[in-house]
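Input: a single structure, listed below in structure tokens.
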Amino acid sequence: MSNTVSSNTVLHHPAPKRTAAPVFWLLFGAGGMLSALFGPALIILTGFMLPHGWGVPASFSDFSHVLGFVRHPIGKLLVLMVIALFFWHGAERLFLTLKDMRAGPLTVLRLMTYGVAALLTLLTIALLLAIGF
């Protein structure tokens, strides 16, 4: 008997376990990119420029213009993407922090973070639909 593997021997590797982790990493990555690229601009626009009227037309932040934007299907989609992806990015960051701190069982931590992000996403969808088209 020799210790070598013959050319006829087939080595079987167990199939990798499938998880939903890639979905959460996609939401985390998209939210991180969106918050890095557009977060500061949104803070400057909505926090400083619009309230003081600096560099924007006076009618830019009128209720009717904002309502018109949010009632348009593309506007709804943009608002949903910004709000929901920010939630999911924050949920992943919070989950990883709590996991590193060993703050509790992973199932509870996932429910607390991803569950809240999912709930807030559904609430955002409901509110956007309640505004109408």
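Being of a type in the set (D, E, K, R) and surrounded by 14 or more Cβ atoms within 10 Å (Cβ to Cβ) is a description that applies to ARG93. In the stretch 57-79, of all residues being under 18 Å from ALA130 (Cβ atoms) and of a type in the set (Phe, Trp, Tyr), the one that is surrounded by the most Cβ atoms within 10 Å (Cβ to Cβ) corresponds to PHE69. Scanning the stretch 53-95 for residues that are over 30 Å from LEU106 (Cβ atoms) and among the β-branched types (Val, Ile, Thr) yields VAL56, VAL66, VAL70, ILE74, VAL79.
Within the stretch 66-91, being closer than 17 Å to ALA41 by Cβ and either touching a residue at least 12 places away in the same chain (Cβ under 8 Å) or among the basic types (Lys, Arg) (or both) holds for VAL79, MET81, VAL82, ILE83, LEU85, PHE86, HIS89.
Among residues of the stretch 45-65 that are free of Cβ contacts under 8 Å to residues at least 12 places away in the same chain, those with a beta-carbon under 8 Å from a residue that is surrounded by 10 or more Cβ atoms within 10 Å (Cβ to Cβ) and part of a loop (DSSP other than H, G, I, E, B) at least six positions away or on a different chain give the pairs LEU45/VAL56; PHE48/TRP54; MET49/GLY55; MET49/VAL56; LEU50/VAL56. Test THR46 against the stated conditions and say whether it is of a type in the set (Ser, Thr, Tyr), modelled with pLDDT under 90 and surrounded by 11 or more Cβ atoms within 10 Å (Cβ to Cβ). Yes.
Cβ separations smaller than 9 Å between residues 6+ apart or across chains give the following pairs from the stretch 110-133 residues that are over 13 Å from ILE83 (Cβ atoms) to residues that are assigned to a helix (DSSP H, G or I) and acidic (Asp, Glu): THR113/GLU92; TYR114/GLU92.
Flag set for VAL82, criterion: surrounded by 14 or more Cβ atoms within 10 Å (Cβ to Cβ) and under 18 Å from PHE38 (Cβ atoms).
The values are calculated or read from the model by the stated rules, or taken from the named source; none is laboratory data. None of these values were measured; they are calculated from a predicted model. As a convention, Cβ positions derive from the backbone with ideal geometry for all residues, glycine included, and neighbour counts pool all protein chains shown.
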